[in-house]
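Here's the structure we're looking at; comments come further down.
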Amino acid sequence: MTGATPATGSGALVLPGTRDTAGEPEGLVVVVSKRNLIVEDVQVADLPTSRDEAARAGFDARYKRDPKGLLVTPLFDAAVAARRKDGGPSAAIVIAEESTPYRVVTEVLYTLGQAELGRYHMMVLRGAGPSDAGAGPPWPSLGRLVARAERATFLDLKVHIAHDGVTFRTADGPLGEGCKAGTPGVTVPKVGGRYDLAGVRRCAFQLKGAAMSATSLVLSAEQDVDYAIVIDVTDALREEDGQKLFPDVVFGPAK
């Protein structure tokens, strides 16, 4: 991905947290700006002008075979066409503006999965201005964050990003405040109106100690949670001081 032209707007790509930067990710480039969905420099769809509408229903019904479904037809068609080419991609690089609603993210990932692009390098476009229309790829050499659909064998860990904090649930049931079973409340409540990423990391570290062979979890979020928050929480769940926690993340449906 050399010789890329900068995008319109002031956004800069930031990989959240520690990453393996040994190689440059390869795959079908999908950019979700404030206004557009872009596949390899080609605009394929517009986002709703209202963020509330995007959080409620995702892409407009005109882009879907099933108006209430998750599959975005122009993205699916572009992904299938790219994959069928000789040497076509088997993975996708998903770059989204930081306030993209989780509902939109789930539709993009679901559609790519249906097009048999099941591995993702996920990146955040931070600081994009309101005029960000995504004219082209703005990235230099980048590290990778891969989400693979693998199931935990012992823990069956499910993490949900709610409006008041982050909840954890294992095969034994929900965890309350303090990452303890049988206690009430949100597992990791917000602190000062912000998500407590250090608390998320501590809880993941505690659970990893009880199930060392577990590597995966299912992560979901409320429909209007910002994409950047999803990635920040994902990063907190993956690693603590160089120790792998739950590196394989399966993204569940928006709630």
LEU237 being at pLDDT 85 or above, outside any helix (DSSP H, G or I) and crowded, with 20+ Cβ neighbours inside 10 Å: no
Residue under evaluation ILE93, criteria (1) hydrophobic (A, V, I, L, M, F, W, C); (2) crowded, with 20+ Cβ neighbours inside 10 Å; (3) part of a helix (DSSP H, G or I), criterion not met: (3)
Output the number of residues of the stretch 55-68 satisfying the condition of being farther than 18 Å from VAL80 by Cβ and either outside the structural domain of ARG119 (by TED's automatic domain parsing) or surrounded by 22 or more Cβ atoms within 10 Å (Cβ to Cβ) (or both). 1
Please go through the stretch 26-57 and give me each residue that is under 16 Å from GLU98 (Cα atoms) and of a type in the set (Gly, Ala, Ser), ordered by number. SER33, SER50, ALA54, ALA55
Taking the criterion of being at pLDDT below 90 and crowded, with 21+ Cβ neighbours inside 10 Å, would at least one residue in the stretch 99-120 satisfy it? yes
With the structure loaded, tell me whether GLY129 is modelled with pLDDT under 90, at negative phi, in contact with a helix residue (DSSP H, G or I) (Cβ under 9 Å, 6 or more places away or on another chain) and not assigned by TED's automatic domain parsing to the domain that holds TYR227 or whether it fails that test. no
Apart from one, (1) of a type in the set (Gly, Ala, Ser); (2) assigned to a helix (DSSP H, G or I); (3) modelled with pLDDT under 90 all hold for ALA81; the odd one out is (3)
Considering residues that are surrounded by fewer than 18 Cβ atoms within 10 Å (Cβ to Cβ) and in contact (Cβ under 8 Å) with a residue 24 or more places away in the chain, the number found within the stretch 207-234 is 5
Looking at the stretch 190-206, which of its residues are surrounded by 15 or more Cβ atoms within 10 Å (Cβ to Cβ) and either in contact with a helix residue (DSSP H, G or I) (Cβ under 8 Å, 6 or more places away or on another chain) or among the charged types (D, E, K, R) (or both)? LYS190, TYR195, ASP196, LEU197, VAL200, ARG201, ARG202, ALA204
Check the stretch 180-189 and report whether any residue there is crowded, with 19+ Cβ neighbours inside 10 Å and either modelled with pLDDT under 90 or not in a loop (DSSP other than H, G, I, E, B) (or both). yes
Could you check the stretch 53-72 and list, in sequence order, the residues that are in contact with an Asp or Glu (Cβ under 7 Å, 6 or more places away or on another chain) and part of a helix (DSSP H, G or I)? ALA55
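The values are calculated or read from the model by the stated rules, or taken from the named source; none is laboratory data. Quick caveat: nothing in here was measured; it's all calculated off a predicted structure. For neighbour counting, all protein chains shown are included, and Cβ atoms are generated from backbone atoms with ideal geometry for every residue, glycine included.
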